[in-house]
Structure formats: structure tokens, C-alpha cells
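The values are calculated or read from the model by the stated rules, or taken from the named source; none is laboratory data. Since the model is a prediction, treat every value here as computed from it, not as a measurement. All Cβ positions, even for glycine, are placed from backbone atoms using ideal geometry, and neighbour counts span all protein chains on display. When the accessible area is computed, the model is the full protein with side chains, heavy atoms only, and any ligands, DNA or RNA have been set aside. Shrake-Rupley method; radii C 1.70, N 1.55, O 1.52, S 1.80 Å.
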Amino acid sequence: MSEQEKIIDIGDGAAIPDPRDKGLFSAWRIALIGTISLLVILPLAKPDPYAKILRFVPDGIWVTFEVTIASISLALIIGLLTGLGRISKNRYINLAASLYVEVVRGIPLLVQLFYIYFALGRIVRVPDIVAAVIAMSFCYGAYMGEVFRAGIKSIDFGQTEASLSLGFNRRQTMAYVILPQAWRTILPPVGNEFIALLKDTSLVSILAVADILRRGREYASESFNYFETYTMIALIYLLITLVLSKLISNMEHRLSHYERR
Amino acid sequence: MNAADPIIRINRINKYFGQFKALDNVSLDVELGEKVVVLGPSGSGKSTLLRAINRLETISSGSIVVDGHDLYAPGENINTIRMELGMVFQSFNLFKHKTVLENLTLAPIKLKKMDKGKVEELAFSLLDKVGIRDRADHYPVQLSGGQQQRVAIARALAMEPKIMLFDEPTSALDPEMIGEVLDVMVTLAREGMTMVVVTHEMGFAREVADQVVFMDDGAIVEMARPDMFFDNPRHSRTKLFLEQIL
Ligand SMILES: Nc1ncnc2c1ncn2[C@@H]1O[C@H](COP(=O)(O)OP(=O)(O)OP(=O)(O)O)[C@@H](O)[C@H]1O
Ligand SMILES: [Mg+2]
């Protein structure tokens, strides 16, 4: 795959830094150094309120991570199934998967969140955080499904034919030949979805889930330090996503080993 | 199956792509150990016929029996039948994420549940045979086209098939690499492998074929021993084809 195609693959999110972007003054470095500096300097220079905010908010970081990790794991499973469903030759499976994707894509995440939260609340009483995870993964599973589908379809059909001709059935072909290669194409957009999902978890703060944003809002409404609180929250999100995007880009680079001569 | 039965029996098959008839009432028997070379102009249905033999292409009517197994009989498992049929493609189709050695060992390990050590032993002897043992831990992108195609042949052989199908194995190669692949095929033929080969290499056809099949418009126009076929073609379409190509 050429560099050109790879850049297109990453898609509109483009949160992942270009692996060649190693210069001292890359945008990523400037952003990271700036973020860390501010997170250190502000609390030192003005402990009240910055240091107080930093002591209050981090409880929410773990909640944000919990929701993110749980949702992405579920979304990956749903996504794989949906992606396979979307390329299935079985008409009903295909229709069901496509319908799911269409419906989810047509409804704003925030509305889905409310909807699932309250719809679920009528049937069973689940903890808020569980409702949040279900809603997030239901939504992101559909996007993930499209990512998987595109990844699988990007693999030359000759690979499938070679595998079938050896005696592998379709399921084995998918598991041993197609998915291991598709993963390479799938990883950058999955990485972007992961980061997008992490940021979108801020929406669950309206469902009484005590994530970073909610903790911040609680602090701000007591202390009235709105500006300072949201500054710190923005910086914390930025630090997390900057680190994650670097990790993902390194992983992507490692996975492409067999494409290098 | 009788010892005298052909190992491949293609009986009056037809194949439609929508309205288009790609195979027109084709019948062909291949005996155990026989080498059949299929010739014909582009679009005449050579690939379709070859791919019908391992059901990569499903036929519209007729029957194909391979080693006693009817490809379309309800009780038959196509995957087991395919293990008897090695296939080599024009575009190699090596598994890009696997090393040369892994390309050879993947199917025997997973499908025959063979012991890894035994499979690797077999794989190395096959790599020796096709002359690429020293590249065992390379990835396909690191090989030339000729090397890739030789690995692809070895990969098919690693399943120890009874029959080998070749679809224009040298057409995607630079001229200087064609010889190394044909050499491997000639060796294989000498060892008694049953082979069906679609190719434009007339030298190979003359040297190796027991039967030359000439196709045009989805039908078999002429079938003959190579000396008869090249020196005494009976049909005018065969003559025209040979004039154009030689
Ligand atoms: N999947 C398909 N859908 C529609 N038409 C097809 C398909 N595959 C092959 N054909 C048509 O069937 C005819 C025979 O194709 P085939 O590939 O068997 O020819 P061929 O003799 O192998 O030609 P070539 O020498 O170019 O490889 C061609 O006219 C081709 O366009
Ligand atoms: Mg062809």
C-alpha cells in the first residue's frame, strides 16, 4: 500500500500522526509539550483553583477510561459481526446488518444515548454506567462495522481464492488469511474511532455518570471557577488523546512489518 | 472408482455469466498422470474451465467428477476435494502476511492436522525442489515474481495433491523469469503429476503435453497430441490461432 492510500485510509479524523513526522517541531510534539507544561505550570503558579481542580477531577478519568475500554471492546465485537454481516451472501443477515448501520448512522449519538438510557430504564434497572456503555457500543459498533467491512474488502480476492483452493472453508479463510491482513487496514480507522469514542464519552456525563467532564462540572458549579475548570478538563482530554494517538501509530507501524522490503 | 477411470471427468458442462455463455458443452477426460495443456485466444473460456474443476467457478449444467467425487453431489465436501487439487494462479496470490515457509505450512498444519515439524520438513524439501530454500523466512514482497510463483507451486504441492491446475502461471512474469518457473513445471511433469495447464508457452505444450486442448468461444474446438496439434491442425480456427501466435 502506498503512503498516499494510507493517508486516505486514516480518514477525516486524522488523529494519528504520520509515522514519518519525526521532526523536533512536529505538531504532535508541540501540542504534547505545551499541554504538559500548562498542566504543570498552572497548578504551581496558581494553586487555587488549578491544583484543587487537579485533585478533584482525576476520579473521573478512571470512569472515562472504564466507559471507553468497555465500549470499544463491545463495539469491536459488534463491529466484526456487523462487518461480516454486511458482506454476507445470506440475504437476511446482510439486510439485518445493513439496517442496523443505517439506523444508527441516522440518529445523533446524544439522542441514542438518551433513548437507550430511558428505554432500557423502562425494562430493567441497570447502573447508569452500564446503560452508557451499551449505548456507546451500540452506536460505535455500527461505525466499526463499516471499518471492518472496508478492511475486509480491501484484501485482494486472489487471497481468498488461493485459500479456498487449498481446501480452507470460508470461515477458515476469513480467520487465517483475510482478517490478519485486513487488520493492517483496519487498525488506523479503529484507532481513530477509539479516540473519537473516548472524546464522545464526555456525553455520558449527562447520564449521571461521573466521568471527567461531570466531575469538572460538579467542581465548577460549587466554586464558580468555570473558565479554570474547563481549561484543565480540555488539557486532560488533550493529553490523553495525544498519548493514545502516538501509541496507536506505533502499533500500526509494527503491524506493517510484512509490507516492508 | 475404477483404476481405469479418468481422474477428472468433465461431462457436457455449460457455464453462463448472466446471458453470456462462457462454457459451451465442454467434455474432457484427464487420466491419472496425464498432462493436458489448454490453449486458446483471450476470453475463450480457458480460466473458466480450469476454475470449474475445483469449483472456484460453479457450472450451470453438466457434471464434473474428480477422483471419484462428483463436485456437485449433495454429500460431497468441496473442501476435502479441493485438497486433492493444487492450483497455481497467474498472480501468484501468496499469503502476504506469511513468510515463504508459513505459506507452505499453513494449510497442511490446519487442514491435515499434521505435526509442525513434519510439515516443515516437507516444506523445506519442496523449497529445495523449487530452488528457494534460502528464502524460507522472507515475506512474499521481498521476492521476485519468478520466485513468488515457484513458492506458490510449492505451497500447492505441500498439500500433496493428486492433480495440479495452472492458470497462465508465467503470464505475469518478466521474460527472464519464465524459464525458472517452466523448469519447475517440467520437473513436476516428469515425476508423473497429473496436470492441467492453461498457458501461452507453446514450447512447454510441445514438450510436456500428452493432450493439447484448443478452446474458442467457450467450446473445445480441437483436442490432439502435441505433434499432431502443432504440425497438423485440423480446424481452420486452430490454424488461424497458431499462425497468429507462432
Ligand atoms: N465473473 C465473470 N462475470 C462475467 N463474465 C465473465 C466472468 N468471468 C469471465 N467472464 C467472461 O467469460 C469469458 C471467458 O473468460 P475466461 O476468463 O475463462 O477466458 P480466458 O480464456 O481465460 O481468457 P484469458 O486468456 O484472457 O485469460 C470472457 O468473455 C469473460 O469476459
Ligand atoms: Mg484466463
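Could you give the angle, 0 to 90 degrees to the nearest 10, between helix B:175-190's Cα long axis and the longest principal axis of the Cα atoms of chain B? Once rounded, the angle reads 90 degrees.
Work out how much length A:L44 to A:V126 would gain on full extension: take 0.36 nm times their residue separation and subtract the Cα-Cα distance, in nm to one decimal. Could you put the intermediate results ahead of the total?
On the way: separation 82, 0.36 × 82 = 29.52 nm, distance 4.16 nm.
Taking A:L44 through A:V126 to full extension adds about 25.4 nm, to one decimal.
Shape class of the protein assembly as shown from the alpha-carbon gyration tensor: prolate, with a/c at 1.5 or above and a/b greater than b/c.
Which FRET efficiency value, to the nearest 0.05, is calculated for A:L99 and A:N169 with the Förster distance at 25 angstrom and r the Cβ-Cβ distance?
Working: r = 27 Å, r/R0 = 1.10.
Between A:L99 and A:N169 the formula returns 0.35.
Using only the heavy atoms of the protein chains and a 1.4 Å probe, how would A:W62, A:W28 rank by accessible area, largest first? Working shown, then result.
Numbers: A:W62 165, A:W28 50 Å².
Ranked from most to least accessible, the order is A:W62, A:W28.
Is the shape of chain A rounded, prolate or oblate, going by the alpha carbon gyration tensor and its root eigenvalues a ≥ b ≥ c, with a/c under 1.5 for rounded and a/b larger than b/c for prolate?
Working: a/c = 3.18, a/b = 1.44, b/c = 2.21.
It comes out oblate by the Cα gyration axes.
Rounded to the nearest 10 degrees, the angle from helix A:58-86 to the longest Cα principal axis of chain A is 20 degrees. For the range A:64-208, averaging the sequence separation of C-alpha pairs within contact (under 8 Å, six or more residues apart) and dividing by the residue count gives a relative contact order of 35 percent.
Each Cα pair under 8 Å and six or more residues apart adds its separation to the average, and for chain B the resulting relative contact order is 26 percent.
Set the bar at 29 Å for Cα to Cα. Now go through B:K46/B:K118; A:K153/B:K116; B:K35/B:K112; A:K52/A:K199; A:K89/B:K46 and name every pair that lies beyond it. Before the final figure, lay out each step's value.
Values: B:K46/B:K118 37 Å; A:K153/B:K116 31 Å; B:K35/B:K112 27 Å; A:K52/A:K199 23 Å; A:K89/B:K46 27 Å.
Going by Cα-Cα distance, B:K46/B:K118; A:K153/B:K116 fall outside the 29 Å limit.
Would you mind telling me the antiparallel percentage of the DSSP bridges in the protein assembly as shown, rounded to 5? In the protein assembly as shown, DSSP labels about 55 percent of beta bridges as antiparallel.
Counting only DSSP beta bridges with both residues in the range B:114-246, what percent are antiparallel, rounded to the nearest 5?
Details: 5 of 10 bridges.
Of those bridges, close to 50 percent are antiparallel.
Peptide A:153-166 is shielded by partner chain Cβ atoms: per residue, an average of 6 of them sit within 10 Å of its Cβ. In summary, the aspartates and glutamates within cross-link reach of B:K96, defined as a Cα separation below 12 angstrom excluding same-chain residues under 8 places away, comprise A:D156, A:E259. The relative contact order of chain A, computed from alpha carbon pairs under 8 Å that lie at least 6 residues apart in sequence, is 32 percent. Our summary of shape: the Cα atoms of chain B have principal axis extents of 53, 46, 37 Å, ordered from largest down, in whole angstrom.
In terms of accessible area, using a 1.4 Å probe and ignoring ligands and nucleic acids, B:R9, A:R86 rank largest first as B:R9, A:R86. Amide H of B:D216 versus every other amide H placed in the peptide plane: which residues, excluding those fewer than 5 positions away on the same chain, fall under 5 Å? Answer set, sorted by chain and number: B:V221. Of the residues B:S61, B:S125, B:S236, the one that moves most in a GNM of chain B with alpha-carbon contacts below 10 Å is B:S236. Neighbouring Cβ atoms from other chains, within 10 Å of the Cβ of residues in A:174-180, number 3 on average. Sequentially through the range B:97-108, phi angles give Karplus couplings (6.51, -1.76, 1.60; θ = phi - 60°) of 8, 10, 5, 4, 4, 5, 4, 6, 8, 3, 5, x Hz, Gly and Pro residues having no value and appearing as x.
Taking the longest Cα principal axis of chain B as reference, the axis of helix B:116-129 is set at about 60 degrees.
Proximity of backbone amide H atoms, modeled 1.01 Å from N, is registered between B:L32 and B:I7 at under 5 Å, excluding neighbours fewer than 5 places apart on the same chain.
Could you state the orientation-averaged shadow area of the convex hull built on the Cα atoms of the range A:64-208, in nm² to one decimal?
On the way: hull surface 37.0 nm².
Reported value for the Cα convex hull: 9.2 nm².
Sorting the segments B:158-165, B:64-71 by their mean number of nearby beta carbons within 10 angstrom, highest to lowest, gives B:158-165, B:64-71. Split the accessible area of chain A by element, probe 1.4 Å, and carbon with sulfur accounts for 66%. Say a paramagnetic label sat at a point 7 Å from the Cα of B:N11, along Cα to Cβ; which residues of the range B:26-52 have their backbone N under 17 Å from it? What the label zone holds, given the 17 Å backbone N cut-off, is B:26-31. Packing here is the average count of other Cβ atoms within 10 Å per residue, and on that basis the peptides B:111-123, A:70-82, A:116-128, B:87-99, highest first, run B:87-99, A:70-82, B:111-123, A:116-128.
Taking beta carbons within 10 Å but only from partner chains, what does the mean come to for residues B:102-111? Can you show the working numbers first?
Working: counts 0, 1, 0, 0, 6, 8, 2, 0, 6, 5.
Per residue, the average neighbour count from other chains is 3.
Comparing A:L166, A:L109, A:L95 in a Gaussian network model of chain A, where Cα atoms under 10 Å apart are tied by springs, the biggest mean-square fluctuation is seen for A:L166. Interface area, chains A and B: about 2100 Å² of buried accessible surface, summed, with a 1.4 Å probe and ligands, DNA and RNA left out.
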